[in-house]
1. Does ARG185 fit the bill of being without any contact (Cβ under 8 Å) to a residue 24 or more places away in the chain and farther than 19 Å from VAL28 by Cβ?
2. Any idea which residue in the range 100-116 is surrounded by the fewest Cβ atoms within 10 Å (Cβ to Cβ), counting only those that are of a type outside the set (Gly, Ala, Ser) and assigned to a loop (DSSP other than H, G, I, E, B)?
3. Looking at the range 82-97, can you tell me whether even one residue there is more than 17 Å from LEU127 (Cβ to Cβ), surrounded by fewer than 19 Cβ atoms within 10 Å (Cβ to Cβ) and in contact with a Phe, Trp or Tyr (Cβ under 7 Å, 6 or more places away or on another chain)?
4. Against the condition surrounded by fewer than 21 Cβ atoms within 10 Å (Cβ to Cβ) and either more than 17 Å from the chain's Cα centre (by Cα) or outside the structural domain of ARG181 (by TED's automatic domain parsing) (or both), how does GLU217 come out, does it pass?
5. Would the range 158-176 turn up any residue that is assigned to a loop (DSSP other than H, G, I, E, B) and modelled with pLDDT of 90 or more?
6. So GLU236 clears everything in (1) assigned to a helix (DSSP H, G or I); (2) out of contact with any Cys (no Cβ under 9 Å at 6 or more places or on another chain); (3) farther than 21 Å from TRP11 by Cα except one condition, right? Which one?
7. How many residues are in contact (Cβ under 8 Å) with a residue 24 or more places away in the chain and out of contact with any strand residue (DSSP E or B) (no Cβ under 7 Å at 6 or more places or on another chain) when one looks only at the range 94-127?
8. Condition check: touching a helix residue (DSSP H, G or I) at 6+ places or on another chain (Cβ under 6 Å) and more than 23 Å from HIS139 (Cα to Cα). Does VAL196 satisfy that?
Amino acid sequence: MGERAHARPIWAERRANKDSSRASPLAVHDFAVLGFMTSGHAVVEQRERFALRAGDVLLVPAGEAHRWVSSKNAVFWGVGFCGACYAPSELATLLDPFERARAGSSAVIHIPSERQDHLASLCATLLEETTVAGPQRAHTELVARSLLALILAEVARAAHTTPSTGVQTSMVGDALRFIERNCLRPLSLGDVSAAVNKSPSYVTTALKRATGKSAVEWIIAGRLSEARNRLLHTDEFVDVIAERVGYADATHFIRLFRRAHGVTPAAWRAARRRP
């Protein structure tokens, strides 16, 4: 679950960590991730240390620093998605466990034994669907979104049976949540600082210290995630996509996209639509 770029707004992977007692470097994602342990044991650090076993799900909200501390025969599914793409949608209520984890509740949820095979099957199907090529790819976004909803529903239902610690909201968590939910409309550092009742300089410093990114960088990350989603799954013109993700000036959007990805939006789309 380390830092890396994902072209798709929803993705899945299956990984096995070799036995290790060496802690990995801290990682911070600009997407949300859940890790579903299917066998073995691991210790992870995310604000505090958690011992994971088969059946546990680790929730990693966007912007949350985390790392592996140790592992033994650990096999797990990783499911990631663009939070900014789905926070304003009908999936919003299914993101509550991530919101609680960001606010300070436990980041680990145990899936009941009778539901673990089903959850693993959903993850496997999501992996298959998001790596499909050819004519079937036209339906990938809809199918992937439906599978993500089913996966999040399993986690949300299990969360009701998992003991939770008291939740204390943090300014960083509140700022990230506000950005995630509002970054596709005109949004400035001033808007974010007003939402959390802090000065712009305070918000910038706190976010940078906690996540490695400033508020403006998080706004850009959320917008570019949605832009990649639209480039991949729609035929909208680049200037239309720019406006949909919060940029009235398409030239400015193209410049930001090229800076982040090394190519223009049109070139990025063309490269990923080749048969």
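The values are calculated or read from the model by the stated rules, or taken from the named source; none is laboratory data. All figures in this text were calculated on a predicted structure; none of them were measured in a lab. Quick reminder, even Gly has a Cβ in these numbers, built from the backbone with ideal geometry, and neighbours come from all protein chains shown.
1. The answer is no for ARG185.
2. So the residue we want is PRO112.
3. no
4. no
5. no
6. Condition (1) is where GLU236 drops out.
7. Summing the residues that are in contact (Cβ under 8 Å) with a residue 24 or more places away in the chain and out of contact with any strand residue (DSSP E or B) (no Cβ under 7 Å at 6 or more places or on another chain) in the range 94-127 gives 17.
8. On the way: touching a helix residue (DSSP H, G or I) at 6+ places or on another chain (Cβ under 6 Å): yes; more than 23 Å from HIS139 (Cα to Cα): yes.
In short, yes.
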